[in-house]
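Step one of this worksheet: look at the structure below.
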Amino acid sequence: MSVLRPNLEMVAAEAESTLVEACRRGNRDAYRALFEHYKDRVYSIAHHYCCDRATAMDITQDVFVKLYSSLATFRAEASFDTWLYRLTVNRCLDHQRRFRRWLPLLDVVKDKLFAPDESLIDSAIRSELRGQLQAAVAKLPPPMRLVVVLRYTQDLSYEQIAEILGCSAGTVASRLNRAHKELARRLRKENPNV
């Protein structure tokens, strides 16, 4: 099984490269295929960043307009998806700068908080903690928030996040560590008995 995986990844990378080249030549079907393949991932990042469906859809649309107009600048030094995620992160930051507001980012532990046989009271407590966690994440500085979003909503590695944000993997680890400590501090403050 592991012998097939690299071959499948190679085939996928080659197909993606072929699509990108076809887009550069103006092939609308190729652009549509890239859009269909990546729209949900771009939307997910945008939605977890701003927690508003309409705004996330606007950001997603902006990303694909930008993609269409700047695909010629893609030099394939990084993978296409990394480049696209970087466009997405930049659009999210542009949106934040434009409106100067702090918005909730994500539901970090959505499925992980609920145990299979929990009581209604346990469920209510977990729901309250999840809301507090979202509020605490929304108050993190943007560099820490982005690392949390990319790590926990997109399940990206430190190296992938570093490439997207243009920093080192050590910086990603440091930001994530500081974010964890800050989130724990804020949640302890709100829940001293937990």
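Return the total of residues in the stretch 151-175 being assigned to a helix (DSSP H, G or I) and within 22 Å of GLY131 (Cβ to Cβ). Give the derivation first.
Our first condition is that a residue be assigned to a helix (DSSP H, G or I); within the stretch 151-175, this holds for 151-152, 158-165, 169-175.
Keeping just the survivors that are within 22 Å of GLY131 (Cβ to Cβ) gives 151-152.
Within the stretch 151-175, residues that are assigned to a helix (DSSP H, G or I) and within 22 Å of GLY131 (Cβ to Cβ) number 2.
So, in the stretch 52-77, exactly how many residues are surrounded by fewer than 16 Cβ atoms within 10 Å (Cβ to Cβ), under 17 Å from the mean Cα position of the chain (by Cα) and either over 15 Å from ASP40 (Cα atoms) or not hydrophobic (A, V, I, L, M, F, W, C) (or both)?
4
Before we move on, is ASP107 modelled with pLDDT of 85 or more, surrounded by 15 or more Cβ atoms within 10 Å (Cβ to Cβ) and not hydrophobic (A, V, I, L, M, F, W, C)? Give the steps one after another, and end with the answer.
On the way: modelled with pLDDT of 85 or more: no; surrounded by 15 or more Cβ atoms within 10 Å (Cβ to Cβ): yes; not hydrophobic (A, V, I, L, M, F, W, C): yes.
So ASP107 fails the test.
Condition first: hydrophobic (A, V, I, L, M, F, W, C), modelled with pLDDT under 55 and not in a helix (DSSP H, G or I). Can you find one or more residues in the stretch 3-17 that meet it?
yes
Do you know which residues across the stretch 40-88 are without any contact (Cβ under 8 Å) to a residue 60 or more places away in the chain, under 25 Å from GLN134 (Cβ atoms) and of a type outside the set (A, V, I, L, M, F, W, C)?
Once the filter is applied, which keeps residues that are without any contact (Cβ under 8 Å) to a residue 60 or more places away in the chain, under 25 Å from GLN134 (Cβ atoms) and of a type outside the set (A, V, I, L, M, F, W, C), the stretch 40-88 yields ASP40, TYR43, HIS47, ASP52, ARG53, THR55, ASP58, THR60, GLN61, ASP62, THR88.
May I ask you to say which residue of ALA124, ALA136 is part of a helix (DSSP H, G or I), touching a helix residue (DSSP H, G or I) at 6+ places or on another chain (Cβ under 6 Å) and modelled with pLDDT under 85? Outline the logic, then answer.
Details: ALA124 fails: touching a helix residue (DSSP H, G or I) at 6+ places or on another chain (Cβ under 6 Å).
Being part of a helix (DSSP H, G or I), touching a helix residue (DSSP H, G or I) at 6+ places or on another chain (Cβ under 6 Å) and modelled with pLDDT under 85 holds for just one of ALA124, ALA136, which is ALA136.
The values are calculated or read from the model by the stated rules, or taken from the named source; none is laboratory data. All values derive from a computational prediction rather than experimental measurement. Note: ideal-geometry Cβ built from the backbone for every residue, glycine included; neighbour counts use all protein chains shown.
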